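What follows is a set of notes on a single structure, which appears directly below.
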Protein chains: 2
Amino acid sequence: MTTNADLANERSRATFTPSKITNLLDGSAKSTNRRRQLEALIENDPTDIFSNEDNHYLHRTDRHVRSLAKHVRLIELCRSIGIGSKTNGEVILDEDWFNLINAVADDLPTSLHWVMFVPNIISLCDEEQKKKWLPMCRDWKMIGCYAQTEVGHGSNVRGLETTATFVQEGSNQKGGDAKGGSWVINSPTLTSIKFWPGTLGRTCNHAMVIAKLIDGDGIDHGVHNFLVQTRSMEDHSLMPGVTCGDIGPKIGYNNMDNGFAKFENVVIPRRNMAMRFSNVDKNGKYEKVSVSDAASKISYITMMQVRSYIVMEASKGLRHGVTMAIRYSAVRRQGFKSNDAKEENQILDYKQQQHRLFPLLAASYCFFFTGKKVLTDLKAIEERLMNLADGEVTITKTEVGDIHASTSALKSFCTTIAADGIEDCRKACGGHGFLQSSGFPELITSYLQNPTVEGDNQMLPMQVVKVLLKLVKDVQSGKTEDWKKCDAKYLLDPVQAMLNGEESGSCSADTKEGMMKVKVLLEAYQHRAARLLVKVAQQIQTDVMEGKAFEDAWNGALIQMARVSRAHSTYLLLDNFVSGIAEANGKTIGPDEVAVLTDLALLFGLYWIEKEVGDFLEDGYMSAEQAEWARSCTLDMLNKLRPNVVALVDANDFSDFRLKSALGRYDGNVYPAILEASKKDPLNASEPGPGYEKHLRRLFVDGVGIYSGTASRL
Amino acid sequence: MTTNADLANERSRATFTPSKITNLLDGSAKSTNRRRQLEALIENDPTDIFSNEDNHYLHRTDRHVRSLAKHVRLIELCRSIGIGSKTNGEVILDEDWFNLINAVADDLPTSLHWVMFVPNIISLCDEEQKKKWLPMCRDWKMIGCYAQTEVGHGSNVRGLETTATFVQEGSNQKGGDAKGGSWVINSPTLTSIKFWPGTLGRTCNHAMVIAKLIDGDGIDHGVHNFLVQTRSMEDHSLMPGVTCGDIGPKIGYNNMDNGFAKFENVVIPRRNMAMRFSNVDKNGKYEKVSVSDAASKISYITMMQVRSYIVMEASKGLRHGVTMAIRYSAVRRQGFKSNDAKEENQILDYKQQQHRLFPLLAASYCFFFTGKKVLTDLKAIEERLMNLADGEVTITKTEVGDIHASTSALKSFCTTIAADGIEDCRKACGGHGFLQSSGFPELITSYLQNPTVEGDNQMLPMQVVKVLLKLVKDVQSGKTEDWKKCDAKYLLDPVQAMLNGEESGSCSADTKEGMMKVKVLLEAYQHRAARLLVKVAQQIQTDVMEGKAFEDAWNGALIQMARVSRAHSTYLLLDNFVSGIAEANGKTIGPDEVAVLTDLALLFGLYWIEKEVGDFLEDGYMSAEQAEWARSCTLDMLNKLRPNVVALVDANDFSDFRLKSALGRYDGNVYPAILEASKKDPLNASEPGPGYEKHLRRLFVDGVGIYSGTASRL
């Protein structure tokens, strides 16, 4: 089929070369080629196992089973082309592997194995344990999950109830017959039943279980990690004392068998406790293992990397959503320009549609640059730590706190915007956005876990403010040296000035054009973040001085903390966006690409001022006129970006196989695709349909519905 | 099981009598009793057809079939107790019927029959047509749908492509052999295929088809309604020339067979055109029927009633959501107060949780009062019109425009808030909000159609502003008399003052306490709405004067129009909330209930100022100090409402059968219910599970995943 004329026209108008931006997103032209090579491998696989065509018509059970088939076929492929393992026994989680996972474009029930289970073994187990378990992980003999949350307990780890009790060899208790001692794992209450871990329900045979460690003397040492075998490695039957299964259907992500597990006196060997940082000897004596400062910090860095990947995923999810919505808005026409017009308008020409979609397009790129920056920073810290001699001073508490604050704030902000944004893309497609064949329902319902997992978006701002209040304190006491290497360094001067009661600054734009400058926008975000932070600090201080308990003062400030966290994020995002463009300039991209990406950065900056303009007006930092300029500049940027938006989503280089969208297809032949998908529904498999014979017929033929007029009203 | 202690405690703290508010919501104590009586009928039905226990475990096809079974059983029940029909042949759509539909608590695939098809016959067909078709509708021999949208055409009715061409008796064309002439219905293009109509796919046997009327002389008279038989009334087989089926799975509402239909030379009798307002005679001559002004306006009023019902549904959906979220937040505990604390905090005590949920609780009540008010107004207008003699001056264009603006603005605002709000309630439940058994996924995904249907929420603001710009013009020319009876009358004085360039007012609160007054809040909303309206009017005027085409000026103002529409809504909502409470005072409710509802009204007013504070700061109407007061008052209202929130959601009187929620159950025994539901998933029906034998076993036993180290890397 030929490409839709509107889309072809859009593409011909672009002022830059999309493939250069594709290379930037992939890292290099070489990486783009490699990704495409691996995608082709999946798409052209001679079996039809990877087809996603029937996904939406299958019962959940069948979809789950089919996605297991995909996993097995994927491993088979990897084995034939030398991908997915290292000869030294370690599981390899490299770019090729993740490219393949992305290429499959469907959720695999095994994913917690490589996302959490294997990394947990690598970071928390000692060398001997790694040598034993990692080759089994590599060979997919051992498939694992990470079992932390319980049905009555979420992210408050201290509240977990599962117990691991030490039993000494020779004891006449259960587990006492094992050499070297054992752990007995128990779920002592209904609320302690493990609940939610992905891969746990039907797929894994091992779980990394988080449980309270009770040592040989009956002392509770708090939560630790234990490797618990849940199923036989021969026939996948449940191990004695383990009850587990799937937790049932969810709003999305239903390929995955999120599971529950109840443990009743489950015995595991003593050495199945993860023993890198602490251990228990044969006599049940607990001790912390002395490790270098660097080593313990590395595992903390790993935790923050997870949040950074989530920021990258926010970019990817949003790029997926805007690609579908912007292409369809170019193809879809509705509403006549005037009464005698023959042709309807492209939806993409309506200002409110642009105002809805273009800032999301900008955010989708913005999050990419920030994700990349934070991951690079973390990698650098990790390498610094690994190259240090033992005992050397490595990284300050302030630096660790700062990157914790950045990743927490960014995770919360980016996943909120992405979740709302993908859903808004869906709504922007009108009725057809409801269809599973549009690709939106699956994208959004799978994405929705992100605002909740790895620190609920409502809880993270507290953590951000905890760190930033330390900055305020350090400014007060003049100890700002450590902060100067930090993301939050931009806060130092304005916080200092505000604490000194100096005249509050004001926005420097003195014409509308002056507002359309990155520098002016960054200053505004800097001022806002500092002002809101100082205000929260003062509010808590005042409350406490007026006699409130600290906890109540803290609780009373929670709502404002969310504003601080958001303000911190937007500054960092815009700053990283601009510096990311500058860094790529002359490497993967040239002046044309720099120009259009800078337009996106400006739109991002302007849009979020427009949206939260009260924050800038309240203390007089901006005047009413400047607020009006910001709005007007936003409108100008929408116009300026208009010819480039289709090319900007093309640059994401999502193949149709990965997009899985009748609305977002590259060729724009939307309506035939929608109709084709409709016809596949099993409801259409027979005439006059599955509900007729047994039910509808009773009305039409048996006359069950005929009114006789004889029954008296109840 | 006994009630959860936290919930019992919450209930004991309430300062008012929930059942009085229940009666207010139902209309009277008598209505409450009747509703409960009908709910009991469904819940206690001796067949188990109405059970919703297995809904989430069924394949879509099976759920659809089961919901048809529910419909047939419901009709059977109605027949036995004299509900659902009138002896004069008319279909009855009364309170009893809607109570029964609600009691079923599951979507029925037949619903477009009574929601659109029958009302269409009643309002658009002539007396003879009604006499013929309505008894068949009553007896469920004829089941119909409303077929307007086409796969390439949404709400722009003028863009529809389906044709109905007149063929005279005796013509040698198809249809020429019918007595009195025929219509031949065609889908001339792929984009003209009817798409989306509910009930069309598998259930109905007739469709009210919207098609362009081509008369006997080949003249196109624009779109009209035609009754097209789609399936045989004997065996439900498709009629000649009709292809139709289900459009496939959607994000939600999957019991319903939204359908597609393609017409190829489908012949229907001439008298199957809806002929109340226009007709075509045997010779193919088209003419408008002269009807009274009143009669034509009544059908317009009916259209607006649909939007008002949507506002009521927004209230109901949101009440459903907050009931589940608030009860669960009372039961759920997480986070310790201090390091040595034993018991975790109730989630409901965290300020950000309150700030998330209580304003939604307030909105859920607020929308109820507005829905009730608008429906009462429309009813009054309808009755006024029906009692008028022909030709009498009835209702002014201004009045019709005004209520059009109100219902459009309210539909857009309320459904946006409800959709976002229900989803936010879901997110506020953390992980468990993802579970289908929580009740949230089905509630939100079914609700999501509301922001799109009956005027997309992004499009409606244009219609609102179109009307309100007329008000500005009338103020300019001094013709304000007609407006004084209108909802928008509150705009007259401030618009006048602004147009005269008079000093802009400012918020009259001079203490924090002063901010917590309905009058002060209403004045602020009044000022904002007037200011934004005048600004849009001036912007368009300026643009046009500067040489922009009107359409471009209009397009450029679309983003600001959305703000005007929202501002208009919030004023009306707060105003109706307060007057609704006053009206009920001393009837269904007493001083205790008035007090707590007034707290909700204040919270609603304060929260939306806090949220959009820039609108009030920008022109200096509010000072920074006043903005701070508004925030502080919001916090105070959260504290004040805290002891009453569980009782306020109890007052909704949703039975557990209707809530369908493990998290929202009245007794608060959440965790056993979640586990119970999990166990039912078909994935747990067998050990070691459906994916083992064929797939996972290949890894574990066949060794497909073993790394050999021989393959060279691709």
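The values are calculated or read from the model by the stated rules, or taken from the named source; none is laboratory data. The structure displayed is predicted, hence computed values, not measured ones. With ideal geometry, Cβ positions are generated from the backbone for all residues, glycine too; neighbour counts draw on all protein chains shown.
Consider the stretch B:192-212. How many of its residues are in a loop (DSSP other than H, G, I, E, B) and either at pLDDT below 95 or small (Gly, Ala, Ser) (or both)?
Kept after step one, since they are in a loop (DSSP other than H, G, I, E, B), are these residues of the stretch B:192-212: B:193, B:196-205.
With either at pLDDT below 95 or small (Gly, Ala, Ser) (or both) added as a condition, the list becomes B:198, B:201.
Residues in the stretch B:192-212 being in a loop (DSSP other than H, G, I, E, B) and either at pLDDT below 95 or small (Gly, Ala, Ser) (or both): 2 in total.
Could you figure out which of (1) surrounded by 23 or more Cβ atoms within 10 Å (Cβ to Cβ); (2) in contact with a strand residue (DSSP E or B) (Cβ under 9 Å, 6 or more places away or on another chain) isn't true of B:PRO359?
B:PRO359 satisfies all of (1) surrounded by 23 or more Cβ atoms within 10 Å (Cβ to Cβ); (2) in contact with a strand residue (DSSP E or B) (Cβ under 9 Å, 6 or more places away or on another chain) except (2).
For B:LYS519, indicate whether it is under 23 Å from B:LEU410 (Cα atoms) and out of contact with any Pro (no Cβ under 9 Å at 6 or more places or on another chain).
Details: under 23 Å from B:LEU410 (Cα atoms): yes; out of contact with any Pro (no Cβ under 9 Å at 6 or more places or on another chain): yes.
For B:LYS519, the condition - under 23 Å from B:LEU410 (Cα atoms) and out of contact with any Pro (no Cβ under 9 Å at 6 or more places or on another chain) - is met.
Residue under question is A:LEU443, and the condition is that it be part of a helix (DSSP H, G or I), buried (at least 17 other Cβ atoms within 10 Å of the Cβ) and away from chain B (no Cβ under 13 Å); does it hold? Please lay out each step first, then the result.
Numbers: part of a helix (DSSP H, G or I): yes; buried (at least 17 other Cβ atoms within 10 Å of the Cβ): yes; away from chain B (no Cβ under 13 Å): no.
The answer is no for A:LEU443.
Based on what the data block shows, is B:SER338 over 18 Å from the mean Cα position of the chain (by Cα) and surrounded by fewer than 17 Cβ atoms within 10 Å (Cβ to Cβ)? Lay out the reasoning, then the answer.
Values: over 18 Å from the mean Cα position of the chain (by Cα): yes; surrounded by fewer than 17 Cβ atoms within 10 Å (Cβ to Cβ): yes.
The answer is yes for B:SER338.
Quick check on my filter: what residues within the stretch B:463-484 are farther than 10 Å from B:VAL495 by Cβ and surrounded by fewer than 21 Cβ atoms within 10 Å (Cβ to Cβ)?
B:GLN463, B:LYS466, B:LEU469, B:LYS470, B:LYS473, B:SER477, B:GLY478, B:LYS479, B:GLU481, B:ASP482, B:LYS484
Is there a residue being within 14 Å of another protein chain (Cβ to nearest Cβ), at pLDDT below 95 and farther than 30 Å from B:HIS404 by Cβ anywhere in the stretch B:351-359? Before you say what the answer is, go through the steps one by one.
Our first condition is that a residue be within 14 Å of another protein chain (Cβ to nearest Cβ); within the stretch B:351-359, this holds for B:351-359.
Restricting the remaining residues to those that are at pLDDT below 95 gives none.
Scanning the stretch B:351-359 turns up no residue that is within 14 Å of another protein chain (Cβ to nearest Cβ), at pLDDT below 95 and farther than 30 Å from B:HIS404 by Cβ.
Inspect all residues belonging to the stretch A:213-226 and state whether any of them is in a strand (DSSP E or B), more than 25 Å from B:PHE700 (Cα to Cα) and among the aromatic types (Phe, Trp, Tyr).
Start the filter on the stretch A:213-226 by keeping residues that are in a strand (DSSP E or B), which leaves A:213-214, A:220-226.
So of that shortlist, the ones also more than 25 Å from B:PHE700 (Cα to Cα) come out as A:213-214, A:220-224.
Of the ones still in play, those that are also among the aromatic types (Phe, Trp, Tyr) are none.
Within the stretch A:213-226 (the criterion being in a strand (DSSP E or B), more than 25 Å from B:PHE700 (Cα to Cα) and among the aromatic types (Phe, Trp, Tyr)), the answer is no, since none of the residues qualifies.
With (1) more than 10 Å from chain B (Cβ to nearest Cβ); (2) free of Cβ contacts under 8 Å to residues at least 60 places away in the same chain; (3) small (Gly, Ala, Ser) as the list, and A:ALA69 as the residue in question, which single condition is left unmet?
Condition (1) is where A:ALA69 drops out.
So, of the residues in the stretch B:154-183 that are of a type in the set (S, T, N, Q) and free of Cβ contacts under 8 Å to residues at least 24 places away in the same chain, which turns out to be nearest to the other protein chains (Cβ to nearest Cβ)? Step through it out loud before you land on a result.
Going through the stretch B:154-183, the residues of a type in the set (S, T, N, Q) turn out to be B:155-156, B:162-163, B:165, B:168, B:171-173, B:182.
Narrowing further to those that are free of Cβ contacts under 8 Å to residues at least 24 places away in the same chain: B:156, B:171-173.
Numbers: B:ASN156: 5, B:SER171: 30, B:ASN172: 32, B:GLN173: 28 Å.
Selected residue: B:ASN156.
Can you pull out the residues in the stretch B:249-307 that are among the aromatic types (Phe, Trp, Tyr) and more than 14 Å from every other protein chain (Cβ to nearest Cβ)?
Of the stretch B:249-307, the ones among the aromatic types (Phe, Trp, Tyr) are B:253, B:260, B:263, B:277, B:286, B:300.
Matches in the stretch B:249-307: B:PHE263, B:PHE277, B:TYR286, B:TYR300.
What is the number of the single condition among (1) surrounded by fewer than 22 Cβ atoms within 10 Å (Cβ to Cβ); (2) under 28 Å from A:SER412 (Cβ atoms) that B:LEU435 does not meet?
The single condition B:LEU435 does not satisfy is (1).
Could you list, in sequence order, all residues of the stretch B:50-66 that are within 10 Å of chain A (Cβ to nearest Cβ) and either in contact (Cβ under 8 Å) with a residue 24 or more places away in the chain or under 25 Å from A:ILE247 (Cα atoms) (or both)? Working first, answer last.
Narrowing the stretch B:50-66 to residues within 10 Å of chain A (Cβ to nearest Cβ): B:55-62, B:64-66.
Answer for the stretch B:50-66, where residues must be within 10 Å of chain A (Cβ to nearest Cβ) and either in contact (Cβ under 8 Å) with a residue 24 or more places away in the chain or under 25 Å from A:ILE247 (Cα atoms) (or both): B:ASN55, B:HIS56, B:TYR57, B:LEU58, B:HIS59, B:ARG60, B:THR61, B:ASP62, B:HIS64, B:ARG66.
Restrict the check to the stretch A:171-194 and report whether at least one residue is of a type outside the set (Ser, Thr, Tyr) and under 21 Å from A:VAL453 (Cα atoms).
Looking for residues that are of a type outside the set (Ser, Thr, Tyr) and under 21 Å from A:VAL453 (Cα atoms), one finds at least one in the stretch A:171-194, hence yes.
Could you please find all residues in the stretch A:44-80 being assigned to a helix (DSSP H, G or I), charged (D, E, K, R) and surrounded by fewer than 17 Cβ atoms within 10 Å (Cβ to Cβ)? Talk me through it step by step, then tell me what you get.
Taking the stretch A:44-80 and keeping what is assigned to a helix (DSSP H, G or I), we get A:55-57, A:60-80.
Those still in the list that are charged (D, E, K, R) too: A:60, A:62-63, A:66, A:70, A:73, A:76, A:79.
Selection gives A:ASP62, A:GLU76.
Which one of the conditions (1) part of a helix (DSSP H, G or I); (2) under 24 Å from A:GLN352 (Cα atoms) does B:LYS548 fail to meet, given that it meets all the rest?
(1)
Just to be sure I understand, how many residues within the stretch A:184-209 are closer than 22 Å to A:HIS236 by Cα and more than 9 Å from every other protein chain (Cβ to nearest Cβ)?
Of all residues in the stretch A:184-209, those closer than 22 Å to A:HIS236 by Cα come to A:184-187, A:193-209.
Add one more test, that the residue is more than 9 Å from every other protein chain (Cβ to nearest Cβ), and what stays is A:184-187, A:194, A:197-200, A:204, A:206-209.
Looking only at that region, the number is 14.
Can you work out which of the residues in the stretch B:232-243 that are at negative phi and more than 9 Å from chain A (Cβ to nearest Cβ) is farthest from the chain's Cα centre (by Cα)? First the steps, then the outcome.
Here is the first cut: in the stretch B:232-243, the ones at negative phi are B:232-235, B:237-240, B:242-243.
Add one more test, that the residue is more than 9 Å from chain A (Cβ to nearest Cβ), and what stays is B:239-240, B:242-243.
On the way: B:MET239: 33, B:PRO240: 36, B:VAL242: 31, B:THR243: 30 Å.
Top of the filtered list is B:PRO240.
Which of the strands (runs of 3 or more DSSP E) contained wholly in the stretch A:266-323 include at least 1 residues that are of a type in the set (A, V, I, L, M) and surrounded by 17 or more Cβ atoms within 10 Å (Cβ to Cβ)?
Numbers: elements: A:266-269, A:278-280, A:286-288.
Result: A:266-269, A:278-280.
Across the stretch A:659-714, what is the total count of residues that are among the acidic types (Asp, Glu), surrounded by fewer than 17 Cβ atoms within 10 Å (Cβ to Cβ) and at the interface with another protein chain (Cβ under 7 Å from one of its Cβ atoms)? Walk me through how you get there before you give the answer.
The initial filter retains those residues of the stretch A:659-714 that are among the acidic types (Asp, Glu), namely A:667, A:676, A:681, A:687, A:693, A:702.
This time we only want the ones that are surrounded by fewer than 17 Cβ atoms within 10 Å (Cβ to Cβ), so: A:667, A:676, A:687, A:693, A:702.
Still in the list and also at the interface with another protein chain (Cβ under 7 Å from one of its Cβ atoms): A:687.
Selection size over the stretch A:659-714: 1.
Does B:MET275 meet the test of being out of contact with any Ser or Thr (no Cβ under 9 Å at 6 or more places or on another chain) and of a type in the set (A, V, I, L, M, F, W, C)? Step through it out loud before you land on a result.
On the way: out of contact with any Ser or Thr (no Cβ under 9 Å at 6 or more places or on another chain): yes; of a type in the set (A, V, I, L, M, F, W, C): yes.
Taking the combined requirement at face value, the residue satisfies it.
When you look at A:ARG138, is it surrounded by 21 or more Cβ atoms within 10 Å (Cβ to Cβ) and charged (D, E, K, R), yes or no?
For A:ARG138, the condition - surrounded by 21 or more Cβ atoms within 10 Å (Cβ to Cβ) and charged (D, E, K, R) - is met.
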